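Read the structure below first, then the notes.
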């Protein structure tokens, strides 16, 4: 048994007795969107620091706990704060929560994040459905010995973000009158923001938005056969697209302004799946 399997099993044994209903849908809430977790009904909280071998969120705005409960008739498990590669965790630790949620029963994963806009048609506050991603600038979470009971050694990534879920998301946004962009998300390591030259390179590669999370989580989820949807909130325009200096406070402020729209879209999307 690999170290990854040992850690995953220890985490599983720490939480399984605290779960009343098997979750169907897993949700990761990005920076500024943690309050969505409080809208879940029949809540059960599990703090990350109460789980054996589990990574702890260290970033402001990430509460660092699971919330389990219901949204309508859907059983959900929600991460109120994720962990990032730039916090010093190995990539297998970064994706351990994804693997745990799958083992607990979730077959669908909804990834959300705050991202910098590269596409000049976007503006701060825009919401973007992720149609594809670029992870060439961060290590794959699948490097190392393959865990065969999680997935195949060489998983196909032709369709990471499920087209049926994307269609439901589009129809939900249209019904609610919410403008929803489509685009490619690129993950970098962080924690520093990118330079204008780097952003120009990413734009030439086909990226529409940039951030420091999400894509590695999607790879781990796809490896395990989960159906994945992704939503980015464009909280700022990336370096060189705008002349304004970048700051985490700006990210949180824009996320706060967009939170009500985001929460409405996410809730109705979950109910429509």
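The values are calculated or read from the model by the stated rules, or taken from the named source; none is laboratory data. For clarity, every value in this text was computed on a predicted model and none was experimentally measured. Don't worry about glycine lacking a Cβ; one is built from the backbone with ideal geometry, like all the others, and counts go over all protein chains shown.
Being in a loop (DSSP other than H, G, I, E, B), touching a residue at least 40 places away in the same chain (Cβ under 8 Å) and in contact with a helix residue (DSSP H, G or I) (Cβ under 7 Å, 6 or more places away or on another chain) narrows it down to one of 111, 150, 169, so name that one. Before you say what the answer is, go through the steps one by one.
Details: 111 fails: in a loop (DSSP other than H, G, I, E, B); 169 fails: in a loop (DSSP other than H, G, I, E, B).
The match here is 150.
What number of residues within the stretch 72-107 are modelled with pLDDT of 95 or more, buried (at least 22 other Cβ atoms within 10 Å of the Cβ) and part of a strand (DSSP E or B)?
4
If you go through the stretch 46-53 one residue at a time, do you hit one that is under 24 Å from residue 219 (Cβ atoms), in a loop (DSSP other than H, G, I, E, B) and modelled with pLDDT of 95 or more? Before you say what the answer is, go through the steps one by one.
The initial filter retains those residues of the stretch 46-53 that are under 24 Å from residue 219 (Cβ atoms), namely 48, 51, 53.
Going one step further and asking which of them are in a loop (DSSP other than H, G, I, E, B), we end up with 51, 53.
Still in the list and also modelled with pLDDT of 95 or more: 51.
Yes: the stretch 46-53 contains one or more residues that are under 24 Å from residue 219 (Cβ atoms), in a loop (DSSP other than H, G, I, E, B) and modelled with pLDDT of 95 or more.
Hey, can you tell me all the residues within the stretch 62-89 that are closer than 27 Å to residue 135 by Cα, in contact (Cβ under 8 Å) with a residue 24 or more places away in the chain and touching a strand residue (DSSP E or B) at 6+ places or on another chain (Cβ under 9 Å)? Break it down into steps so the answer makes sense when it comes.
Step one: of the stretch 62-89, the residues closer than 27 Å to residue 135 by Cα are 62-66, 77-89.
So of that shortlist, the ones also in contact (Cβ under 8 Å) with a residue 24 or more places away in the chain come out as 62-63, 66, 77-87, 89.
Passing the criteria: 62, 63, 66, 77, 78, 79, 80, 81, 82, 85.
Given (1) at pLDDT 95 or above; (2) over 19 Å from residue 8 (Cβ atoms); (3) part of a loop (DSSP other than H, G, I, E, B); (4) out of contact with any helix residue (DSSP H, G or I) (no Cβ under 7 Å at 6 or more places or on another chain), identify the lone condition not met by residue 123.
(1)
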